[in-house]
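Since the structure comes first, as structure tokens, the remarks are kept for the end.
The values are calculated or read from the model by the stated rules, or taken from the named source; none is laboratory data. Bear in mind the structure is a predicted one, so any value in this text is a computation, not a measurement. When we count neighbours, we look across all protein chains shown, and the Cβ atoms used for this are built from the backbone with ideal geometry, even at glycine. Remember, those area values only see protein heavy atoms, side chains included, never the ligands or the DNA or RNA. Shrake-Rupley method; radii C 1.70, N 1.55, O 1.52, S 1.80 Å.
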Amino acid sequence: MSDHSQREWNHTKLLSVFTGLLFLVGLAYSVTSVFQWLSMREQARSMAQQLEIMRSEIEDTKLTRSADLILRYGELLDKQPNPKLRIAIESGKPILKTHGGKFSPDDLESYLGIFDNLNDLYEKGMIDKALFYNEYSYDAVKLYDNAEVQSYLKELRKKEDEADFYLGVDKLVRQMKDYPNPNPLLKH
């Protein structure tokens, strides 16, 4: 073989070997890429499952917190004189001593304060809306719809420094009346 043909043979051989190596590297890269893609897909599926578990745990935590808050405020509403005050409000009987009732303005304001605070929790989403509605809507609406309570609030809010007192009660009742519910007693 001549020197020229030997060079062509080496050159052709080198090109073939180089092309073969490029093909092998490309094939290895492709196989690796497929395995990486499959692995990433599995990791994404696993992460999606973990996120779903975390969402579920967060919802459980929210419901637990919500139930705890409902119980705590239920305890406040069950402390005297609140149960008797609630009955007087529901029955439409006089509330304040100045009107022939049994309660002081402090008693009424304490009761109003509980519902004002509940509105803050409701607006911040700290209590589940359905649980909140089931637990507090009836009492909140009865409180708000009571003529003596409305008169008291109107007089209280006439004072410049108390114009925004217990506005949370107003907001809460509007939300309770707007909340989808099967109870026709709460609709106007």
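Just a yes or no: is a residue in the range 97-104 modelled with pLDDT under 90 and open to solvent by 90 Å² or more (accessible area, probe 1.4 Å)?
Within the range 97-104, not a single residue is modelled with pLDDT under 90 and open to solvent by 90 Å² or more (accessible area, probe 1.4 Å).
Could you check, for the range 44-52, whether at least one of its residues is at pLDDT 90 or above, of a type outside the set (A, V, I, L, M) and over 23 Å from the mean Cα position of the chain (by Cα)? Give the steps one after another, and end with the answer.
First, the residues of the range 44-52 that are at pLDDT 90 or above: 44-52.
Filter again for of a type outside the set (A, V, I, L, M), leaving 45-46, 49-50, 52.
Then drop every residue that is not over 23 Å from the mean Cα position of the chain (by Cα), which leaves 45-46.
Within the range 44-52 (the criterion being at pLDDT 90 or above, of a type outside the set (A, V, I, L, M) and over 23 Å from the mean Cα position of the chain (by Cα)), the answer is yes, since at least one residue qualifies.
Just need a number here: residues in the range 59-86 that are assigned to a helix (DSSP H, G or I) and under 24 Å from Ala147 (Cβ atoms).
Residues that pass the stated criteria total 6.
Only one residue in Leu153, Leu112, Leu186 is open to solvent by less than 30 Å² (accessible area, probe 1.4 Å) and either among the basic types (Lys, Arg) or modelled with pLDDT under 85 (or both). Which one?
Leu186
Taking the conditions exactly as written (under 30 Å from Asp107 (Cβ atoms), open to solvent by 100 Å² or more (accessible area, probe 1.4 Å) and either among the hydrophobic types (A, V, I, L, M, F, W, C) or modelled with pLDDT under 90 (or both)), does Ile70 satisfy them or not?
Numbers: under 30 Å from Asp107 (Cβ atoms): yes; open to solvent by 100 Å² or more (accessible area, probe 1.4 Å): no; either among the hydrophobic types (A, V, I, L, M, F, W, C) or modelled with pLDDT under 90 (or both): yes.
No; evaluated as a whole, the condition is false for this residue.
Is at least one residue of the range 155-175 among the polar types (S, T, N, Q) and closer than 16 Å to Leu77 by Cβ?
no
Scan (1) modelled with pLDDT under 90; (2) hydrophobic (A, V, I, L, M, F, W, C); (3) open to solvent by less than 90 Å² (accessible area, probe 1.4 Å) for the single condition Phe18 breaks and write down its number.
Of (1) modelled with pLDDT under 90; (2) hydrophobic (A, V, I, L, M, F, W, C); (3) open to solvent by less than 90 Å² (accessible area, probe 1.4 Å), only one is false for Phe18: (3).
Give all pairs with beta carbons closer than 6 Å in which a residue from the range 87-103 that is closer than 16 Å to Asp145 by Cβ meets a residue that is open to solvent by 60 Å² or more (accessible area, probe 1.4 Å) and not in a helix (DSSP H, G or I); count only pairs at least 6 apart in sequence or on separate chains.
The qualifying pairs are Pro94/Gly100.
Please state which one of Glu90, Glu162, Glu123 is open to solvent by 70 Å² or more (accessible area, probe 1.4 Å), over 30 Å from Thr61 (Cβ atoms), at pLDDT below 95 and not polar (S, T, N, Q). Break it down stepwise before answering.
Details: Glu162 fails: open to solvent by 70 Å² or more (accessible area, probe 1.4 Å); Glu123 fails: over 30 Å from Thr61 (Cβ atoms).
Result: Glu90 is the single residue among Glu90, Glu162, Glu123 that is open to solvent by 70 Å² or more (accessible area, probe 1.4 Å), over 30 Å from Thr61 (Cβ atoms), at pLDDT below 95 and not polar (S, T, N, Q).
Determine which member of the set Asn134, Asn146 is of a type outside the set (Gly, Ala, Ser) and either open to solvent by 60 Å² or more (accessible area, probe 1.4 Å) or out of contact with any helix residue (DSSP H, G or I) (no Cβ under 8 Å at 6 or more places or on another chain) (or both). Reasoning before the result, please.
Numbers: Asn146 fails: either open to solvent by 60 Å² or more (accessible area, probe 1.4 Å) or out of contact with any helix residue (DSSP H, G or I) (no Cβ under 8 Å at 6 or more places or on another chain) (or both).
Of Asn134, Asn146, the one residue that is of a type outside the set (Gly, Ala, Ser) and either open to solvent by 60 Å² or more (accessible area, probe 1.4 Å) or out of contact with any helix residue (DSSP H, G or I) (no Cβ under 8 Å at 6 or more places or on another chain) (or both) is Asn134.
Kindly establish whether Ser56 is in contact (Cβ under 8 Å) with a residue 60 or more places away in the chain and either in a helix (DSSP H, G or I) or open to solvent by less than 40 Å² (accessible area, probe 1.4 Å) (or both).
Working: in contact (Cβ under 8 Å) with a residue 60 or more places away in the chain: no; either in a helix (DSSP H, G or I) or open to solvent by less than 40 Å² (accessible area, probe 1.4 Å) (or both): yes.
No.
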